[in-house]
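Every read-out reported here was derived from the displayed coordinates using simple, explicitly stated rules and does not represent laboratory data. Keep in mind the model is a prediction, meaning the values are calculated, not measured.
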Amino acid sequence: MPVSLKAYSVASARYDAKQHIGCFLLLVEGEEPQAVTVTRRGLLNAGSPPRATAERFFENLEIFCEIARQKVLSKRFLPTVFVTAEDVRRWTRFRSASRTSPSLALAEATA
């Protein structure tokens, strides 16, 4: 399965300080606009030390968009897309593997 290179953009993004979650509207080329929620645990796993803050959300918005874009393109997670701690861990492992071994990263991405 080839990796899709469809372009995306964010129409709006906000952080809910009461619930400690981030939300954004993802626009993927050729797809319907998709609301995305980044869970508190997703935010905590996005960096070290763990923090569920607005700064952490906006610092890592590009990562969350990449994760959500892949979910939107797979169409398995519609109509609601959540970026969870497990998604962030998988993305981090994938990125680490692609830096050390491009062939291993490609194999993991297409598995």
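For this structure, a couple of remarks:
- Spatially proximal aspartates and glutamates relative to Lys6 (Cα-Cα < 15 Å; intrachain offsets below 8 disregarded): Glu29, Glu31, Glu32, Glu62, Glu66
- Of all aspartates and glutamates in the structure, those lying under 18 Å Cα to Cα from Lys18, and not within fewer than 8 positions of it along the same chain, are Glu55.
- Rounded to whole numbers, the Karplus 3J(HN,Hα) couplings from phi for region 9-24 are 8, 10, 7, 7, 8, 8, 10, 9, 5, 6, 8, 6, 10, x, 9, 8 Hz, using 6.51 cos²θ - 1.76 cosθ + 1.60 with θ = phi - 60°, and x at Gly and Pro.
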